[in-house]
1. Does a label point 7 Å from the Cα of Gln809, set along Cα-to-beta-carbon, have any residues of the stretch 821-842 with amide nitrogen under 11 Å, and which are they?
2. Would the stretch 563-682 count as rounded, prolate or oblate if I go by the C-alpha gyration tensor, calling it rounded below 1.5 in a/c and otherwise prolate when a/b exceeds b/c, oblate otherwise?
3. Could you sort out which of Lys623/Lys741; Lys439/Lys468; Lys101/Lys177; Lys425/Lys468; Lys468/Lys495 sit more than 19 Å apart by Cα distance in this structure?
4. Going by average Cβ neighbours within 10 Å, how do the peptides 565-578, 304-317, 511-524, 494-507 rank, with the highest at the top?
5. Restricting to the stretch 563-682, what percent of DSSP beta bridges are antiparallel, rounded to 5?
6. Once phi is turned into θ = phi - 60°, what whole-Hz ³J(HN,Hα) does the Karplus curve with 6.51, -1.76 and 1.60 give for every residue of the stretch 319-333, x standing for Gly and Pro?
7. Roughly speaking, to the nearest percent, how much of the stretch 677-772's 1.4 Å accessible area is carbon and sulfur?
8. Quote to one decimal, in nm, the extra length available between Arg766 and Trp156 on full extension: 0.36 nm per residue of separation minus the C-alpha distance between them.
Amino acid sequence: MSSLGLKRKSLVEHDAQTRKYNSTEGAVSLAVLGSQTESTRHSHGQMSSYNDRDTPQTNHRALLYERASPTLATDNDSWPSTRNFRLNSSIVLIGIRGTGKSSLAVILAAASGRQLIDSDQYFRQVSGCSRAEFKRNNDHAIFQQQEALVLESMLWDNQEGCIIVCGAGTMERRGQKLLREYALTHPIIHVVRDPESIQSYLKAWDTQKVSHFLQIAGPIYRSCSNLEFFNLSETVSRGGTNTTSSEQDSSLESQIDQRPQASTPFLTLKRIQRDFLSFVAFITDDREETGRQQASFPLSLLPVESRRNTLALSVPFSALCETSVDIEELEYNVDAVELVIDVVEHTAQAASDLDLADKISHAVALIRRHTIVPLIYHVESYVRPKRPASANQNERVSDREYSALVQQGLRLGPSFLTIDLDRDKTLLANVIRSCGNTKIIGHFESRQPFPGGWDGDECLKIYERAQKLGCDMLRICQPAVKVEDNDAVQRFRHKVQNLPIRPIPVIAYNTGPLGRMSRCFNPILTPVTHSHFGKSSGLVDSDVTAVAVQKALYSSFVYDPMQYFVFGANVSYSMSPAMHNAAFEVCGMPHRYSIFQSAELRGLNELVENPYFGGSSVSLPYKTEVIPLLHSMSPHARAIGAVNTIIPIRNNDLADPRVSEVSSIHLERTRAGPVRGIHGDNTDWIGICNCIRRGLSPANAIRQTTTGLVIGSGGMARAAIYSMIHLGVRNIFVYNRTIAKAERLAEHYNRQDLFSQGRRPEDRPRVRILSHTDDPWPVAFKQPTIIVSGIPAHSIAGEPAPNFNVPTQWLESPTGGVVVDLAYKPLNTPLMKQIRALSHRGWVALDGLDVLPEQGFAQFELFTGRRAPRRLMRTIVLQEYEDDEVHDDRNAIQYRLRNLDGQLT
Ligand SMILES: O=C1C[C@@](O)(C(=O)O)C[C@@H](O)[C@@H]1O
């Protein structure tokens, strides 16, 4: 008999007295209106009358309750635990039916190997019958007792390595108490969703009823959880019209080109997968998973506060609620997005508004869906008057409301959260104690200049307060009254950094029109606005935009206009100049990127002798030939054995080991001067990695048994193998017409010990050879779900193009997979045609036009030390692409141009 069977007996016999549950305990009391059914007669004092297992028809009831606390909890003792959990702590999902808990749990279980436990199934396993049957056959008190005991066992017997989905049956009063207790040491995530999506799942309820129920249930679920995740429903943008993902996509366009969009059925959960896995990785501090999520771009590997001249785009909550905002477009050129909870007069009255918490949750989800940069959550301390001349200019948001809004922010796991240093000490201490992995920015915004300005004691005291409280950073600002105040900010910054206490980073600037200069030169996370928000959002002319800051840095000679190139033997066709030049322009950078064609490697000398040399893409045949000329190389380029990006070293000390670190290299990237050495990197693998990630459906999440297949054995095949190893694929096969070359390639990787730290030899990645296309797929391995082809699609040196098709016996994965063909001349290679025809079986095809911008983003980051404007670069590549021989392409390109949204990496 299983241990569960034994447990069952002991649970049923468990003496109710041993757990001292107080039946009057718990703040919430529910009364059920409507027909007096069996369940409702017994349901006073509990919430379980709404049962996950009930048919929608039986749920046609309204629920009333007495609320003990408002939607946003405000009491000091309601501050939850530290939110610091053990890496492997079991995670609990709660939320009303239809919010998508089960799908999220399946996604997490597949990606992380956590064991999935569903409360209803667990009840059945432990009790030997379903919850409904147990209820029918037992006295109500016994049923309640059994429910509590099952929940207790489910939580405490599975404290590690599980994802536990709690149905509504677990939410009666004793269940709530157990969950609150569990929340002291484990993440309990309240899953929220918009009423429309819940309604379309529940079918029988109308949206109003769902909203009403959400208002009732929200406070209860919130009081039992320490975190919150808004499950944003997928919408597919097709040529400007939005449809939900459930609608059938039978348009001709989509048949022309099955892009990896949300409309591709296998990828509908893709974006929610990304959002949820990043959220879980953040709250559990799972650095390995965070690394995988962050797509390996050079800048994403550095904490944003460690970089120079970083910008944070302020997005007012009110603007997000009122207008539709294209966040992806606004994100260009910024390093973080700050959601500003602006308490506008009317919102202030509605701060106890039942769905305010939901709206904030929704806003955070929207920003996360459309950006990849860190999120800062900031609650404004003053009520924003609706009219600038209003009498309420200086009305402060009450401590109670402020605390509630901050608590709601912490539940959402933002990367950073600000706290107003002028607030009650206990409140501040509570925020810091319960902030989990969120970094805290102590914020002090003075509306009047401090006595003595930046040189006075007041600013120093504020710095020390932030320091003592345990803030990770300080943000301090005051109005400038004269231009010289902008110099004084610099003095203040230097002064605090030299104090004999552990320094914390400081964001310091002047407000008002005269203070704009200090914003341009503030080194970290300068708040910037976007013209989109204009004055309607209450932002005034004293704000600066990201482009204005960039332009100011160049026109004041902090940075220089640099020259970049694509260097190769035959690069006249390259689309890189168009892509990079457009990016420079939109970011306000005066750089130039040009073609440099050279029949000999020696041509490179001319580039590096130029004091304005900023870096170069390296094309064939120099990707390996260039290596002996380098002074340093990234570990990736070294492992791959090929370089596609070079950047100048202007450091005096070439022996300094830091020169190979991006952090030191990018600091001097855009400053002219003699070049003392060259650093080599490889971004091709990043491009391939991200395309694989984008096209891989959640069903094909990478596991120990996942198999990859690489076609070819050239430089791109090398990069492809490295990408697969980086993603965690352990079984990699190479097929190449010339077997000896494939063997050399396999040997190159097998003798290295990549990403193997602590792994047993049998668990390490291994590259194997496939000799003939007639061979069956090796029986000991699963069929491949990731295939990358690195063979050219056009004729080279008179040799005909290979016209390769994957043998059908290697394409039998029941869940399909992703195929990346690195060629794009022509676009419709025989391989791409073959795979697109298999889209109904879950195969997704990506090509060279997908990879080129991805490797270009990483290159842009290495060249400039700034984030690349991704959507723009993708657009330019597609627009530039022209192939007169293949007429079908034009339609396909048009379709792709209309569907660029949401390709986040
Ligand atoms: O292979 C390529 C293509 C490219 O060389 C071009 O021609 O645009 C640019 C390189 O960065 C990349 O690795």
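1. none
2. Oblate shape, in that a/c is at least 1.5 and b/c is the bigger or equal ratio.
3. Flagged as over cut-off: Lys101/Lys177.
4. Result, highest mean first: 304-317, 511-524, 565-578, 494-507.
5. Looking only at bridges with both residues in the stretch 563-682, the antiparallel portion is about 35 percent.
6. Computed from phi, the couplings for the stretch 319-333 are 5, 5, 6, 8, 10, 8, 10, 8, 4, 4, 6, 5, 6, 3, 6 Hz.
7. About 46 percent, which is the carbon plus sulfur part of the accessible surface.
8. Between Arg766 and Trp156, full extension yields 215.7 nm more.
The values are calculated or read from the model by the stated rules, or taken from the named source; none is laboratory data. The structure presented is a predicted model; accordingly, all values stated were derived computationally and were not measured. Reconstructed Cβ throughout: ideal geometry from the backbone, glycine too, with neighbour counts over all protein chains shown. Accessible surface is based on the protein model in full, side chains and every heavy atom, while ligands, DNA and RNA are left aside. Shrake-Rupley method; radii C 1.70, N 1.55, O 1.52, S 1.80 Å.
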